[in-house]
Amino acid sequence: MEYGVALFHTTSMALKAEQRLKAAGLAVKLIPTPRQFSSDCGFALRFCWADRAQVEELLQTGGVETAGLRRL
């Protein structure tokens with residue numbers, strides 16, 4: 001399975017994203033930001049890459065600001 005990560009500027013946005021995506025029934029997990037990606041926040045949210053479009057839409061409609069979505 002391919003995974004992606006959502007990167008964030010703040011920890012509060014990472015937590016908000018986790019709550020929003022879990023409430024929508026998506027399998028997500030907060031992880032330390034992978035070394036290959038720079039981020040202002042030490043946390044990233046791992047998700048199934050196949051769910052990328054849904055993740056992007058839920059975060060946008062939920063007012064969650066990201067520093068980008070990247071494939072792992």
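In this structure the amide hydrogen of Tyr3, modeled in the peptide plane, comes within under 5 Å of the amide hydrogens of Trp49, Leu72, none closer than 5 places in sequence on its chain.
Please compute the net charge surrounding Pro34, taking Lys and Arg as +1 and Asp and Glu as -1 over other residues with Cβ under 10 Å from its Cβ. Taking every other residue near Pro34 into account, the sum is +3. Here the 3J(HN,Hα) profile of the range 30-36, calculated from phi with Karplus coefficients 6.51, -1.76 and 1.60 at θ = phi - 60°, is 6, 9, x, 4, x, 4, 6 Hz, Gly and Pro shown as x.
Exposed loop sites here are GluC sites (Glu not before Pro) assigned a DSSP state other than H, G, I, E or B and surrounded by at most 15 other beta carbons within 10 Å; excluding them, the longest clear run of the chain is 3-64.
Helical content alone sets the calculated 222 nm signal of the chain at -10000 deg cm²/dmol, taking -39,500 (n - 2.57) per DSSP H segment of four or more residues and averaging over every residue. Extension gain, Lys29-Arg46: 0.36 nm per intervening residue step, less the Cα-Cα distance, totals 5.6 nm. Of the chymotrypsin sites (Phe, Trp or Tyr not before Pro) found in the range 10-65, the ones in coil according to DSSP and having at most 15 other Cβ atoms within 10 Å of their Cβ are Phe37.
For the chain, the Kirkwood hydrodynamic radius comes to 11.7 Å, computed from all pairs of different C-alpha atoms.
Counting charges near Leu72 (Lys, Arg +1; Asp, Glu -1) among other residues having Cβ under 10 Å from its Cβ returns a value of +2. When +1 charges are put on Lys and Arg Cβ atoms and -1 charges on Asp and Glu Cβ atoms, the dipole computed for the chain relative to its Cα centre reaches about 200 debye.
Readers should treat all values here as calculations from the given coordinates under stated rules, not as data from a laboratory. Just so you know, these numbers come straight off a predicted model, no measurement behind them. Here the Cβ is made from the backbone with ideal geometry for all residues, glycine too, and neighbour counts use every protein chain on show.
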